[in-house]
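K.L.:
Shown below is the structure under consideration.
The values are calculated or read from the model by the stated rules, or taken from the named source; none is laboratory data. Keep in mind that what you see is a predicted model, and the values were worked out from it rather than measured. Glycine gets a Cβ as well: all are built from the backbone with ideal geometry, and neighbour counts include every protein chain shown. In case anyone asks, the SASA skips ligands and DNA or RNA and just uses the protein heavy atoms, side chains included. Shrake-Rupley method; radii C 1.70, N 1.55, O 1.52, S 1.80 Å.
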Amino acid sequence: MTGNTEVVVIGGGYAGVMAANRMTQRADVTVRLINPRRTFVERIRLHQLVAGSHEAVVDYGKVLGERVRLVVDTVTRIDAAGRRVTLASGGSVGYDYLIYAVGSDGAGPRVPGADEFAHPIATLEEVRRLRPVLDAAPASAAVSVVGAGPAGIETAAELAEAGRAVTLVCGGVLGPYLHPRGRRSVAGRLGRLGVTVVEGPDTVVTAVTRDGVQLSDGRVLPSQVTIWTTGFGVPELASRSGLSTDSLGRLLTDETLTSVDDERIVAAGDAAAPSDLPFRMGCQSAVQLGPQAAETVLSRMAGRQPAPVSVGFAGQCISVGRRTGVFQFAHRNDVAVGVYLGGRPGARLKEFVCRSTVWQLGYEARKPGTRTWWGKDDKRRLLLQDQSGEVPAAAGRVGR
Ligand SMILES: Cc1cc2nc3c(=O)[nH]c(=O)nc-3n(C[C@H](O)[C@H](O)[C@H](O)COP(=O)(O)OP(=O)(O)OC[C@H]3O[C@@H](n4cnc5c(N)ncnc54)[C@H](O)[C@@H]3O)c2cc1C
């Protein structure tokens, strides 16, 4: 390819920022990052914003390379044939390559009353809408957190530490990802903070009202403020644009993160579904997928075959209030093991992870392409083999 290459990145979260920064290592590339906000959102701190212990935003100047042009807007449609994206403010932007990194949002409560009375906290705007509701509720008001994945646990703990009367409604098991030992540690700390944990198969919330949540076992728990954290969905942009997606709406790609429909489009982060075998949504995978999506584009520009994706997981790091945490270690293929780091060291490690994630983005901005962040999971190759009955060509090589 000769002349200047236009690269558009949709979404300025962990994956999009990493991808945009990495693209700047070539002088003949113009990188435009389109994002609806002027500030970077530290989504992994949104539970802190709920309780008021952190603002969960960072200036893009700290994490984005100088050569990345930030376009504050929302993409409403991708015209793959015309290589152009339409913007909500009007107008459009053309591209040679497109990196799709729109992330995730709330899965959307689908029980009666939830739309009206439950508050999701998957995005900055949702949390900002919740804050005045919490501020207006008396300190003694019953607060329910529905969903006991990491976001639910962290939110419940944070609010209890701030003096709120919190019930964590699990709808199943507490912390499904956790090994029983890690789970006991989380449960013990939640108990000490005064969180009432409602667990078991019959604790699925079936309805939400102004002042309560109804469970599948018939119980009604008082709840003046109900917070909804039962999982993530993804924006509909890819499917709305006629691109192939998985059942959740993530862009379907091959193992090089390239859209199965179009070689000029690659995906990263929560909104990517490589080989229809997506990685667990999280900033842990997003910071590894972002640069690899950029590497795929850089390889194509250089006339090289892009490498298959490789993502390794260390585990799950959960803060349980400001003073305690649990780092649940896992195999590289993301299955929890019986080892965890709890207590204050767990909390310190979680804080280190949050800070170092922002640092990683900034490092990639200053020195694009000089470090490789991603781990390695050889078991993915076997999973792909199981899925298709054969090893996909691109999956035969691991690493860059
Ligand atoms: C409370 C909470 C705690 C969490 N804790 C952890 C944790 O401890 N560890 C962990 O690994 N993960 C955690 N996560 C999950 C993690 O935040 C996400 O998985 C991660 O942010 C995904 O990164 P991403 O870059 O794919 O997307 P995002 O960070 O979601 O960024 C996507 C960006 O794209 C923008 N966008 C969307 N649509 C468009 C459009 N049409 N046009 C332009 N821009 C668009 C969005 O506004 C956003 O800025 C947590 C999430 C929450 C809510």
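K.L.:
Evaluate region 94-102: report whether one residue or more is assigned by TED's automatic domain parsing to the domain that holds residue 51 and among the charged types (D, E, K, R).
P.N.:
Within region 94-102, one or more residues are assigned by TED's automatic domain parsing to the domain that holds residue 51 and among the charged types (D, E, K, R).
K.L.:
One residue is enough: does region 302-319 have a residue meeting the conditions assigned to a strand (DSSP E or B), among the small types (Gly, Ala, Ser), out of contact with any helix residue (DSSP H, G or I) (no Cβ under 7 Å at 6 or more places or on another chain) and in the same structural domain as residue 46 (by TED's automatic domain parsing)?
P.N.:
yes
K.L.:
Counting residues that are on the phi > 0 side of the Ramachandran plot, over 17 Å from the mean Cα position of the chain (by Cα) and in contact (Cβ under 8 Å) with a residue 60 or more places away in the chain, which strands (runs of 3 or more DSSP E) fully inside region 194-287 reach at least 3?
P.N.:
So the answer is none; nothing clears 3.
K.L.:
Could you check region 244-261 and list, in sequence order, the residues that are under 16 Å from residue 233 (Cα atoms) and open to solvent by less than 30 Å² (accessible area, probe 1.4 Å)?
P.N.:
If the condition is that a residue be under 16 Å from residue 233 (Cα atoms) and open to solvent by less than 30 Å² (accessible area, probe 1.4 Å), then 246, 249, 251 are the ones that fit.
K.L.:
Picking from 207, 271, 293, 286, which residue would you name as being more than 30 Å from residue 45 (Cβ to Cβ) and either modelled with pLDDT of 95 or more or of a type outside the set (Val, Ile, Thr) (or both)?
P.N.:
207
K.L.:
Can I ask one more? Anything in region 342-359 that is under 17 Å from residue 182 (Cβ atoms) and surrounded by fewer than 14 Cβ atoms within 10 Å (Cβ to Cβ)? List them, or say none.
P.N.:
344, 345
K.L.:
If you scan region 195-222, which residues turn out to be surrounded by fewer than 18 Cβ atoms within 10 Å (Cβ to Cβ) and among the hydroxyl-bearing types (Ser, Thr, Tyr)?
P.N.:
Scanning region 195-222 gives 196, 206, 209, 216.
K.L.:
Name the one entry in 297, 320 that is away from the ligand (no atom under 16 Å from the Cβ) and buried (at least 24 other Cβ atoms within 10 Å of the Cβ).
P.N.:
297
K.L.:
Please specify each residue of region 1-31 satisfying the condition of being more than 19 Å from residue 288 (Cα to Cα) and among the basic types (Lys, Arg).
P.N.:
Passing the criteria: only 26.
K.L.:
As an exercise: evaluate residue 276 against (1) within 16 Å of the ligand (Cβ to nearest atom); (2) surrounded by fewer than 21 Cβ atoms within 10 Å (Cβ to Cβ) and give the number of the one condition it does not meet.
P.N.:
All conditions pass for residue 276, except number (1).
K.L.:
Sticking with this one: Do any residues in region 68-90 that are in the same structural domain as residue 362 (by TED's automatic domain parsing) and of a type outside the set (S, T, N, Q) have Cβ atoms under 6 Å from those of residues that are more than 9 Å from the ligand (Cβ to nearest atom) and open to solvent by 40 Å² or more (accessible area, probe 1.4 Å), where the two are at least six apart or on different chains, and which pairs are they?
P.N.:
69/32; 71/32; 72/38; 73/89; 77/86; 84/92
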